[in-house]
Amino acid sequence: MTQMTASSGVVLANLAYLFGAVVFAFIGGAVVWWKHRKPTSVHANMASFHRGLKALAPDGEDDRPSATPGVRISPRHNERRPPVPSAREGSRRKAGVDRG
């Protein structure tokens with residue numbers, strides 16, 4: 001059997017202290033990573049998208065009242081479009097009939 005000297009006891013105590021410090025650092029790093037990781041849920045992605053839209057919006061846009069739910073507003077057309085011929089008029093034009 002080998003005899004344990006005082007110097008080998010000090011070395012083992014130092015290694016135990018080093019091992020404890022490494023384990024503590026690993027656990028602390030894992031906790032910090034867990035708390036600050038990027039969220040991956042759909043709800044988190046929608047919230048992030050909304051924050052981006054809000055950042056790009058002009059100032060004061062949040063002060064305006066929101067549109068009534070279910071009401072859709074179509075844009076105005078400033079140009080006049082020619083009337084679309086009905087199916088009956090279209091068949092007369094193809095046949096060469098003109099009733100002036």
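If you check Ser91 against the conditions, is it at pLDDT below 70, surrounded by 10 or more Cβ atoms within 10 Å (Cβ to Cβ) and in a helix (DSSP H, G or I)?
For Ser91, the condition - at pLDDT below 70, surrounded by 10 or more Cβ atoms within 10 Å (Cβ to Cβ) and in a helix (DSSP H, G or I) - is met.
Only one of these is at pLDDT below 90 and either at negative phi or assigned to a helix (DSSP H, G or I) (or both): Ala16, Ala44. Name it. Quick ask: steps written out before the conclusion?
Numbers: Ala16 fails: at pLDDT below 90.
Just a single option satisfies the conditions, and that option is Ala44.
The values are calculated or read from the model by the stated rules, or taken from the named source; none is laboratory data. Since we're looking at a predicted model, the values are computed, not measured. Quick reminder, even Gly has a Cβ in these numbers, built from the backbone with ideal geometry, and neighbours come from all protein chains shown.
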